[in-house]
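The values are calculated or read from the model by the stated rules, or taken from the named source; none is laboratory data. Keep in mind that this is a model prediction, so the values were computed, not measured. Glycine also receives a Cβ, built like all others from the backbone with ideal geometry; neighbour counts cover every protein chain displayed.
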Amino acid sequence: MAERGWPWRHVLVTGASAGLGRALALDCAAPGVVLHLSGRDGARLEAVAAECTARGATVRPRVLDVRDAEAMAGWIAGAGRLDLAIANAGISAGTGGATEPAAQARAVFETNVTGVLNTVLPALEAMAAQPPGPEGLRGRIAVIASLAAFVAAPGAPAYCASKATVQRWAEALDASERLRGIRLHAICPGYVRTGMTARNPFPMPLLMDAEVAARRTLEGIRRGRLRVAYPLPLYWAARLVGGLPPAWRAALFSRLPAKPAAPAAG
């Protein structure tokens, strides 16, 4: 059993070479746990694999780009049993106060939406074909969204929209997948101290370390929460701001610095 008592013995994490993905992998690492980790940076991924191995886990790292549907399908199909798959890989980008470049918007959607589809769809197929595990489920799939999913911030249109898309998709999908013994979880963190947020020029209330976010994520999944949103004060603030009339919301955000342009991974 994992160090913190997590019940999953076979775990897959995308974007595991840094940030929240790294923290999730490390928190799941323990004797008897098999970790399937992917990332685009081979050197960083190997370093994370070594840390997880030192904690007693069996680690199977793979350098992959989540945008490559064929490679992702092959990797997941060949992983064997999966108790928990975490679609974590994502990039962040804003407008920098100008119009968001078309290429940037496409890059954000291709990683944050298409990359999630390329992870979740083959994971669903693999889990549906396996027997129930120790929780009585065939498996769990967590999609890393964001509290940005609830706010249409004009300084980060593609990022907010991409996170809203995967959050809504995961929550809608859970209802039907429960019938097959599979649970979905939409993870909506606030500000996490990663490479993504290090570039932000604006205040980030309740900024948390990646290790804290990983713990809250895994605890929410363990408790069976469909939507795991934290920290709660920021979640309710995001819901409040997201519910404002669009013109009011735009006026509010016009007073704040815009998220920097150019995609940054976690």
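Of the residues that sit in segment 35-51 and are free of Cβ contacts under 8 Å to residues at least 40 places away in the same chain and assigned to a strand (DSSP E or B), which one is nearest to the chain's Cα centre (by Cα)?
My answer is 37.
Which condition number does residue 225 fail, the rest of (1) part of a loop (DSSP other than H, G, I, E, B); (2) at pLDDT 95 or above; (3) buried (at least 18 other Cβ atoms within 10 Å of the Cβ) being met?
Against the list (1) part of a loop (DSSP other than H, G, I, E, B); (2) at pLDDT 95 or above; (3) buried (at least 18 other Cβ atoms within 10 Å of the Cβ), residue 225 comes up short only on (3).
Being within 30 Å of residue 253 (Cα to Cα) and under 14 Å from the mean Cα position of the chain (by Cα) is the requirement here; does residue 95 meet it?
No: the conditions fail for residue 95.
Within segment 143-159, how many residues are part of a loop (DSSP other than H, G, I, E, B) and β-branched (Val, Ile, Thr)?
Going through segment 143-159 one residue at a time, the tally reaches 1.
Return yes when residue 175 is more than 23 Å from residue 24 (Cα to Cα), out of contact with any strand residue (DSSP E or B) (no Cβ under 6 Å at 6 or more places or on another chain) and in contact (Cβ under 8 Å) with a residue 12 or more places away in the chain and no when it is not.
Against the criterion (more than 23 Å from residue 24 (Cα to Cα), out of contact with any strand residue (DSSP E or B) (no Cβ under 6 Å at 6 or more places or on another chain) and in contact (Cβ under 8 Å) with a residue 12 or more places away in the chain), residue 175 does not qualify.
Restricting the search to segment 56-86, which residues are under 12 Å from residue 13 (Cβ atoms), over 19 Å from the mean Cα position of the chain (by Cα) and touching a residue at least 40 places away in the same chain (Cβ under 8 Å)?
79
For segment 52-85, which positions are in a strand (DSSP E or B) and either touching a Gly at 6+ places or on another chain (Cβ under 9 Å) or not hydrophobic (A, V, I, L, M, F, W, C) (or both)?
58, 60, 61, 62, 63, 84, 85
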